[in-house]
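S.K.: Dumping the structure here so I can ask a few things about it.
The values are calculated or read from the model by the stated rules, or taken from the named source; none is laboratory data. The shown structure was predicted, so the numbers you read here are calculated from the model rather than taken from an experiment. Please note: Cβ atoms are built from the backbone with ideal geometry, for glycine as well, and neighbour counts cover all protein chains shown. Just the protein is used for accessible areas: all its heavy atoms, side chains included, with ligands, DNA and RNA removed. Shrake-Rupley method; radii C 1.70, N 1.55, O 1.52, S 1.80 Å.
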Amino acid sequence: PGTALRDVHLEDDAKATSAALPLLKNVLVPVPEKHNLPSLADWSKVIEQTKNMHIKGNVTPAILDKAQEIFDELNGSKEKDMLLHGDLHHDNILSDEDRGWIAIDPKGVIGDPAYNGSRFIINNWSKRTSTELLPSRVTAVAEALGYDERRIAGWAYVDLVISNCWSMESGDESKINTEFVEALASYVS
């Protein structure tokens with residue numbers, strides 16, 4: 001129960017983004033000493049697996065190679081690992097009458113804290129084109145998490161490709177927005 005941030009986004013993306021920013025940082029927690037949670041490295045294995053599949057749709061080998069290259073660079077240069085939400089987007093942020101905006105349905109993944117804004121950046125483009133909203137979202141998330149825009153956009157690129165790879169694993173045809181992929185890639189090129 002509660003209003004999903006998606007509903008705010010439909011009216012005003014900047015307002016929705018502003019509401020989400022504190023959560024992107026506040027849901028980060030230290031990695032527990034004992035856990036059996038996946039890491040971003042575990043998640044990224046699907047990129048290589050997808051290269052070996054007969055790909056239906058528009059995820060090209062070049063997109064997969066770029067995602068792997070970005071992943072290797074960002075994962076190799078991270079300062080620390082944290083426990084991340086892993087799926088923090090507009091449908092997983094609800095307004096609670098007593099507590100305000102809250103995050104729900106965490107996936108729990110270990111990795112670079114800069115990754116935590118990725119799913120928020122790549123989801124919910126219903127009102128305007130993704131390339132129109134991308135710069136403001138990347139800038140806002142970078143400022144909120146304290147990372148440069150290149151790192152934030154790079155993780156968003158990787159997350160978008162991983163998400164599409166998971167869809168293809170389950171038999172769906174990839175319908176990746178190539179214009180959006182190119183816009184994200186322009187940050188890291």
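S.K.: Taking the Cα centroid of region 1-59 and of region 101-117, what is the distance between the two, rounded to the nearest whole Å?
M.R.: Between the Cα centre of region 1-59 and that of region 101-117, the gap is 6 Å.
S.K.: Still on this model: Over region 119-186, what is the mean sequence separation of C-alpha contacts under 8 Å (at least six apart), divided by residue count, expressed as relative contact order in percent?
M.R.: Working: 38 pairs, mean separation 23.2, N = 68.
Once normalised by length, the contact order is 34 percent.
S.K.: What is the calculated FRET efficiency for Ser186 to Asp72, with r their C-beta to C-beta distance and R₀ = 22 Å, to the nearest 0.05?
M.R.: 0.70
S.K.: With every protein chain in place, what's the accessible area of Thr131 (1.4 Å probe, Å², nearest 10)?
M.R.: Around 40 Å² of this residue is reachable by solvent.
S.K.: Also, I was wondering about something else. Size of region 46-127 along its principal axes in angstrom, Cα-based, largest extent first?
M.R.: Sorted largest first, the three principal extents are 49, 34, 20 Å.
S.K.: Continuing with the same structure: State, to one decimal in nm², a quarter of the convex hull surface area for the C-alpha atoms of the chain, i.e. the direction-averaged projected area.
M.R.: Values: hull surface 43.6 nm².
Result: 10.9 nm².
S.K.: Restrict the search to region 1-71; then list the GluC sites (Glu not before Pro) that DSSP places in a loop and that have at most 11 other Cβ atoms within 10 Å of their Cβ. Write out the running numbers ahead of the final one.
M.R.: Working: sites: Glu11, Glu33, Glu48, Glu69; in loops: Glu33.
Passing both the DSSP loop test and the Cβ count: Glu33.
S.K.: Which ³J(HN,Hα) values, rounded to whole Hz and listed in residue order, are derived for region 139-154 from phi using the Karplus coefficients 6.51, -1.76 and 1.60 in 6.51 cos²θ - 1.76 cosθ + 1.60 with θ = phi - 60°, glycine and proline given as x?
M.R.: After applying 6.51 cos²θ - 1.76 cosθ + 1.60, I find 4, 5, 5, 4, 5, 5, 8, x, 10, 6, 4, 4, 5, 4, 5, x Hz.
S.K.: Additional query: Which value, in debye to the nearest 20, gives the size of the charge dipole of the chain about its Cα centre, when Lys and Arg are +1 and Asp and Glu are -1 at the Cβ? Don't jump to the answer; show the numbers that get you there.
M.R.: Working: 19 positive and 30 negative charges, 23 e Å.
About 100 debye.
S.K.: Could you list, in their original order, any pairs among Lys80/Lys107; Lys80/Lys175; Lys15/Lys56; Lys107/Lys175; Lys34/Lys175; Lys15/Lys107 whose Cα atoms are separated by more than 31 Å? Numbers along the way, then the final one.
M.R.: On the way: Lys80/Lys107 19 Å; Lys80/Lys175 33 Å; Lys15/Lys56 37 Å; Lys107/Lys175 23 Å; Lys34/Lys175 38 Å; Lys15/Lys107 25 Å.
Flagged as over cut-off: Lys80/Lys175; Lys15/Lys56; Lys34/Lys175.
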